[in-house]
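Engineer: Take this structure first; my questions come after.
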Amino acid sequence: TDTDDDFVGFVFGFQSSSRFYSVMWKQVEQTYWWPSPFRSVAPTGLQIKLVDSATGPGPLLRNALWHGDDTPGQVKVLWEDENKIGWTDFTAYRWVLRHRPAQGLIRVQIFEGETKIIDSGNVIDRTLQGGRLGVLDFSQENVIWSNLNYRCNETMPLF
């Protein structure tokens, strides 16, 4: 679409609607339109977040997910793209996640065609030890997901 600029991404390590990791990619910076319970500003670019919400789904977690900084008792930002690259309208991307819960290893790479445009490098967080995987869309219209797959490797792949 060229009429919206919100979040796309995915969740992993999903244990409940209060405990999961999220990869959230925003096209451009934006203040959330509902200022309660606090003013929430989303930065341009990709962030990896740990969601460990004391309240669970509701306005506080909603605004914390949108927000680009840590929100105590809700969301912790584990990594953010210092280049602040936003996604582009009408563009296909390939996402690669390497997650090794036992080692706490998280690495996200995004490719446009054969070109790697974002690489988180190795991020270490041992909070969540496994869980489900799913897509994430926060207010973004007309997202198309295709060719989704995952595998569990017996050996640690080289990066």
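The values are calculated or read from the model by the stated rules, or taken from the named source; none is laboratory data. Note that this is a predicted model, so its numbers are computed, not measured. Because the Cβ atoms are built from the backbone with ideal geometry, glycine has one as well, and the counts that use them run over all protein chains shown. Just the protein is used for accessible areas: all its heavy atoms, side chains included, with ligands, DNA and RNA removed. Shrake-Rupley method; radii C 1.70, N 1.55, O 1.52, S 1.80 Å.
Engineer: Anything in region 17-28 that is within 20 Å of D69 (Cβ to Cβ) and open to solvent by 20 Å² or more (accessible area, probe 1.4 Å)? List them, or say none.
Structural biologist: Hits for region 17-28 are S18, R19, Q27, V28.
Engineer: So, one more: Yes or no: F14 touching a strand residue (DSSP E or B) at 6+ places or on another chain (Cβ under 8 Å), open to solvent by 30 Å² or more (accessible area, probe 1.4 Å) and assigned to a strand (DSSP E or B)?
Structural biologist: Yes, satisfied.
Engineer: A92 - would you say it is more than 19 Å from N142 (Cβ to Cβ), of a type in the set (G, A, S) and outside any strand (DSSP E or B)?
Structural biologist: When the stated conditions are applied, A92 does not pass them.
Engineer: Any residue in region 111-132 that's open to solvent by less than 20 Å² (accessible area, probe 1.4 Å): show its pairings with residues that are of a type in the set (D, E) and in a loop (DSSP other than H, G, I, E, B) at Cβ separation under 7 Å, as long as the two are six or more apart or on different chains.
Structural biologist: From region 111-132, the pairs are I118/D81.
Engineer: Out of (1) of a type in the set (A, V, I, L, M, F, W, C); (2) touching a residue at least 60 places away in the same chain (Cβ under 8 Å); (3) under 17 Å from G45 (Cβ atoms), the odd one out for V143 is which?
Structural biologist: For V143, the exception is condition (3).
Engineer: Name the residue, out of T91, T31, T71, T55, that is buried (at least 18 other Cβ atoms within 10 Å of the Cβ) and of a type in the set (V, I, T).
Structural biologist: Every option except T71 fails the conditions.
Engineer: Take the residues in region 74-88 that are more than 13 Å from the chain's Cα centre (by Cα) and more than 15 Å from D5 (Cα to Cα); name whichever of them is surrounded by the most Cβ atoms within 10 Å (Cβ to Cβ).
Structural biologist: Selected residue: Q74.
Engineer: If you go through region 58-68, how many residues are exposed (fewer than 14 other Cβ atoms within 10 Å of the Cβ) and either in contact (Cβ under 8 Å) with a residue 40 or more places away in the chain or in a loop (DSSP other than H, G, I, E, B) (or both)?
Structural biologist: Number of matching residues: 1.
Engineer: Looking only at region 95-110, which residues are open to solvent by 30 Å² or more (accessible area, probe 1.4 Å) and over 24 Å from N142 (Cβ atoms)?
Structural biologist: If the condition is that a residue be open to solvent by 30 Å² or more (accessible area, probe 1.4 Å) and over 24 Å from N142 (Cβ atoms), then R98, H99, R100, P101, A102, Q103, R107 are the ones that fit.
Engineer: Follow-up. What is the one condition in (1) part of a loop (DSSP other than H, G, I, E, B); (2) touching a Leu at 6+ places or on another chain (Cβ under 6 Å); (3) open to solvent by less than 50 Å² (accessible area, probe 1.4 Å) that I48 does not satisfy?
Structural biologist: All conditions are met except number (1).
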